[in-house]
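Here is the structure we will look at, set down as structure tokens.
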Amino acid sequence: MKRALITGVTGQDGAYLSKFLLDKGYKVFGMYRRTANPNFWKLQTLNCLDKIHLIPADLSDASSILEAIRISEPDEIYNLAAQSFVEASFAQPLSTADITGLGLLRILEKVRQINPNIKVYQASTSELYGDGQKGLLNEDTPFAPSSPYASAKLFAYHTAKNYRRSYGIFVCNGILFNHESPLRSLEFVTRKITNSVAKIKLGLEKELKLGNLEAKRDWGYALDYIECMWLMLQQDEPDDYVIATGETHSVKEFAQEAFNVLGLNWEEYVKVDSKFIRPEDVMYLQGDYSKAKNKLGWEPKVKFKELVKMMVDEDYKKWQDCLAGKQFPWDAPYYVSDLNIISRTKRA
Ligand code: NAP
Ligand code: F7E
């Protein structure tokens, strides 16, 4: 039985990857950081919390990483943990650099020292390209990071390549473009929109405040992208791959489509609030996944409209279930604004 260690197991990708690997017969170890309030709702939603082995560790603490590798004795490590919110990286640049950048270096040093045969997946990102790009972006497009998050990920990207060349470690960079799902955290723009559309439809909220509506992203479905992480580690040689859909849409188009799903006109509800505008933003991203298609045999299945509908439908159902008094794993009650709505509806 193959053994995998997933860092960032409580995140969107960590939860989907846990399920994917369990279904493939892996013994799955999930690294999570200690928090005052546990946040396992994504793993609970996919019904795999009790099937994985949880190990408390923190990417900023090398000794805890050593312990996690010793306990799990993995064949494969998937490094998904990060401070992954670009906006927050402007407010917390040092901790972002520490976790999102140095985190991989700490892992690779332990791999080199303990067992250099462990294969490693690094969650690289389309944010590496930065602002000012045009056309389809591929593995040869030069990087020009536009945020502390992207700079930290660029450090990790090069660290992976360096450990591959210097020590022969099997480590792959998955240059993944934005990927979303009903398990996306609420601060990211897609889920922020779909959650708000559901509340507006149910009369629980009146407006949605967003920042830069013109930014374009290549949005795919997280579950489609998880398979690629695994495929990269099953190849004979380590390599770096762009994973994307090849389509791009603006935030405005996403909002328009999402309101449309529930028969609403986005222009009546969306307001621009400068609070959500970043010091520097990436205006355009569109990926060329030809290499993944040719070498891994991978293609995205879910396209833009289907993705938006899936997310709106899921959030709408969650709010309806909440109003009906049902209990289920969910993140909205952890956000003050949504908690206030839930408390209000319970009092009424
Ligand atoms: P996510 O939902 O934000 O999950 C991030 C995970 O990292 C969470 O489990 C989080 O734990 C954990 N984490 C944060 N700081 C940590 C620390 N100091 N030590 C240990 N764990 C820590 O992110 P995601 O969307 O699943 O993305 C997975 C990875 O892919 C990330 O590295 C992200 O940067 C990268 N990526 C994402 C996308 C995308 O569109 N989703 C695209 C390209 C690359 P808590 O739950 O405790 O916060
Ligand atoms: O922003 C704009 C915002 O936060 C998308 C992470 O997974 O993907 C993600 O990073 C765009 C930006 O994702 C709001 O300015 C407008 O232009 O959903 P986002 P991101 O920054 O693209 C990459 C690939 C990663 O690697 C990251 O880990 O939407 N936008 N108004 C807004 N964004 C947010 N969050 N909130 C708004 O109100």
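The values are calculated or read from the model by the stated rules, or taken from the named source; none is laboratory data. Bear in mind that the values here come from a model prediction, so they are computed numbers and not experimental data. Here Cβ is always computed from backbone atoms with ideal geometry, including for glycine, and neighbour counts include all displayed protein chains. Heavy atoms of the whole protein, side chains included, go into the accessibility calculation; ligands, DNA and RNA do not. Shrake-Rupley method; radii C 1.70, N 1.55, O 1.52, S 1.80 Å.
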Using the Cα gyration tensor of the range 294-348, the equivalent ellipsoid's semi-axes, largest first and to the nearest Å, work out to 34, 12, 10
Prolate/oblate/rounded call for the range 190-348, Cα gyration tensor, a/c under 1.5 rounded
prolate
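Given a Förster distance of 35 angstrom, what is the FRET efficiency for Asp23 paired with Asn117, based on the Cβ-Cβ distance and rounded to 0.05?
Numbers: r = 25 Å, r/R0 = 0.70.
Result of the calculation: an efficiency of 0.90.
If Rh is defined by the Kirkwood formula over all Cα pairs and Rg also comes from Cα, what ratio Rg/Rh do you get for the chain? Display every interim value, and only then the final one.
Details: Rg = 19.9 Å, Rh = 20.7 Å.
Rounded to two decimals, Rg over Rh is 0.96.
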Phi angles of the range 252-265, converted by Karplus (6.51 cos²θ - 1.76 cosθ + 1.60, θ = phi - 60°) into ³J(HN,Hα) in whole Hz with x for Gly and Pro, give 4, 4, 5, 4, 4, 5, 5, 5, 4, 4, 9, x, 10, 9
Could I get the Rg over Rh figure for the range 153-243? Both from C-alpha atoms, Rh via Kirkwood, rounded to two places.
1.15
Compute the FRET efficiency between Phe90 and Phe328 as 1/(1 + (r/R0)^6), taking r as their Cβ-Cβ distance and R0 = 35 Å, and round to the nearest 0.05.
0.55
Give, as a single signed number, the net charge of other residues whose beta carbon lies under 13 Å from the beta carbon of Asp331, with Lys and Arg counted +1 and Asp and Glu -1.
+1
Spread of Cα-to-Cα distances over 10 Å intervals beginning at zero, given as percent, for the range 100-142
21, 37, 27, 14, 1
For Leu208, which sequence-distant residues (separation of 5 or more, or a different chain) have an amide H within less than 5 Å of its own amide H, given hydrogens modelled in the peptide plane?
Val270, Lys271
Which aspartates and glutamates have a Cα lying under 20 Å from the Cα of Lys161, excluding residues fewer than 8 positions away in the same chain?
Asp75, Glu76, Asp98, Glu109, Glu127, Glu139, Asp140, Asp236, Glu237, Asp239, Asp240
Tell me, what ³J(HN,Hα) does each residue in the range 267-272 have, in order and in whole Hz, if you take phi through Karplus 6.51 cos²θ - 1.76 cosθ + 1.60 with θ = phi - 60° and put x for Gly and Pro?
5, 7, 10, 7, 10, 8
With respect to the cross-link table entries Lys134/Lys252; Lys19/Lys346; Lys110/Lys293; Lys271/Lys326; Lys51/Lys209; Lys295/Lys317, which display a Cα-Cα separation exceeding 30 Å?
Lys19/Lys346; Lys110/Lys293; Lys271/Lys326; Lys51/Lys209; Lys295/Lys317
Whose amide H sits under 5 Å from the amide H of Gly30, counting only residues 5 or more places off or on another chain, with H placed in the peptide plane?
Ile6, His53, Leu54, Ile55
Nearest 0.05, what FRET efficiency do Lys305 and Leu213 give at R0 = 22 Å with Cβ-Cβ as r?
0.75
Taking H placed 1.01 Å from N in the peptide plane, check which residues at least 5 places from Ile77 or on another chain put their amide H under 5 Å from its amide H.
Leu5, Lys119, Val120, Tyr121
At the level of C-alpha centres, the distance separating the range 330-347 and the range 84-112, in angstrom, is 32 Å
Would you kindly find the accessible area of Leu128, with a 1.4 Å probe and non-protein molecules such as ligands, DNA and RNA excluded, rounding to the nearest 10 Å²?
0 Å²
What list of ³J(HN,Hα) couplings, whole Hz, do you get for the range 278-287 from phi and the Karplus terms 6.51, -1.76, 1.60, once you set θ to phi - 60° and write x for glycine and proline?
7, x, 8, 10, 9, 8, 8, 9, 8, x
Among the aspartates and glutamates, which fall within straight-line cross-link reach of Lys199, defined as a Cα-Cα distance under 17 Å, with same-chain neighbours fewer than 8 residues apart omitted?
Glu187, Glu207, Glu257, Glu267, Glu268, Asp313, Glu314, Asp315, Asp321, Asp331, Asp338
Under the 0.36 nm per residue contour assumption, what length would be gained going from the current alpha-carbon distance of Glu247 and Arg347 to full extension?
31.5 nm
Using every Cα-Cα pair within the range 9-160, state what percent have a distance larger than 25 Å.
33 percent
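Just subtract the alpha-carbon distance of Glu139 and Asn265 from 0.36 nm times their residue separation and send over the number in nm, one decimal. Could you put the intermediate results ahead of the total?
Details: separation 126, 0.36 × 126 = 45.36 nm, distance 3.86 nm.
Between Glu139 and Asn265, full extension yields an extra 41.5 nm.
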